[in-house]
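The values are calculated or read from the model by the stated rules, or taken from the named source; none is laboratory data. From a predicted model like this one, the values you see are computed outputs, not experimental measurements. Cβ placement follows ideal geometry from the backbone for every residue including glycine, while neighbour counts extend to all protein chains displayed.
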Amino acid sequence: MVAIVGLVALSGCALLTSDTLEFSAQPATVSEDAQDSAQYDLVGVEERTLNRSVDVVGVERQIKATNHVATYERDLAIATSEAVGSVIVLSTPEMSVAGQSVNPVGSVPPRQLFETLAIDQAGISDVEKRGNRTTTVLGEEATVTIFDGTAEYSGQEVDVTMHLVRVNHEGDYVVGLAVHPTVMSPDQAGVDQMFEGIEHTGDE
C-alpha cells in the first residue's frame, strides 16, 4: 500500500483567520464505474490539514491547507508474491499569496514530486525514471511519468512500475499515483482506467 507523506502543498479559495490564510481543495476520487472496470476497491478517503509558515514578500504568514487523499487497492498476486496494486488520488489547493505560488506541487519535477508525495509501506527502493506517456485526466491530455523500482511483498522483492500524473483543474492540483508489479502492463493493472476515471468535485 502506498501512503502519501510529507506533503508541503499549500490557490483555491482563501479565508483570512487572524494571521492564518486558509485554503481548501475540492475532493478528487475515481468513479465507481472505473473502479469496477479496473477491479479496484476503495480503501478510504481522508481529509488532511497541513500547517506551515511561508515568507511572502518579506512577511511571514501562517498557511493552513486542506487536502484530500483517496486510496484504492487491487489484489495483483503473481506467481512469486502476494503483490497489491495501489492507486492514490490527491487533490491539493493551487495556492498563491500576493501573486506568489506557495504550493510546490505544481512546479517541482516529477521525480521530486514522487519522492515528496509517496513512500511504499513495503519499502520501494532503486527508483529510476523510465520515461513518459500520455493519458486523459479530467478531460485533458496529461503527461504520465513512469518509474521503475523494487518493493517488498510478504518478504519477497518484486519489480514494480509506478505512474505519476498531475493536472491543474478548477483551482486545485490533482495528482494520481499508481504502483503495480512490472510483469503486468499498465493495461493489465488498470492504471489508465483509474486515471481516466478521476472525478474532481470542483468541476461540478
Next on the checklist: Would you confirm, using the coordinates I've provided, whether residue 116 is within 23 Å of residue 73 (Cβ to Cβ) and outside any loop (DSSP other than H, G, I, E, B)?
Outcome noted: yes
Item to check | Condition met for residue 80 (touching a Gly at 6+ places or on another chain (Cβ under 7 Å) and at pLDDT below 90) | outcome: no
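Here are 69, 30, 43, 57: which of them is of a type outside the set (D, E, K, R) and more than 20 Å from the chain's Cα centre (by Cα)?
After applying the criteria, what remains is 57.
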Checklist outcome for this item: Sole miss for residue 199 among (1) crowded, with 16+ Cβ neighbours inside 10 Å; (2) within 17 Å of residue 84 (Cβ to Cβ) is condition (2)
Checklist outcome for this item: Residues of region 106-155 being in contact with a Ser or Thr (Cβ under 7 Å, 6 or more places away or on another chain), small (Gly, Ala, Ser) and crowded, with 17+ Cβ neighbours inside 10 Å, in sequence order, are 142, 149
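Among 170, 157, which is the only one that is under 18 Å from residue 197 (Cβ atoms) and among the charged types (D, E, K, R)?
Numbers: 157 fails: under 18 Å from residue 197 (Cβ atoms).
Step by step, each of 170, 157 is checked, and only 170 is under 18 Å from residue 197 (Cβ atoms) and among the charged types (D, E, K, R).
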Next on the checklist: Suppose we keep only residues that are aliphatic (A, V, I, L, M) and surrounded by fewer than 20 Cβ atoms within 10 Å (Cβ to Cβ) within region 156-189. Which one would you say is nearest to residue 39 (Cα to Cα)?
Outcome noted: 184
Checklist outcome for this item: Here the qualifying pairs (Cβ atoms under 8 Å; residues six or more apart or on different chains; first in region 34-58 and closer than 15 Å to residue 192 by Cβ; second modelled with pLDDT under 90 and surrounded by 12 or more Cβ atoms within 10 Å (Cβ to Cβ)) come out as 40/85
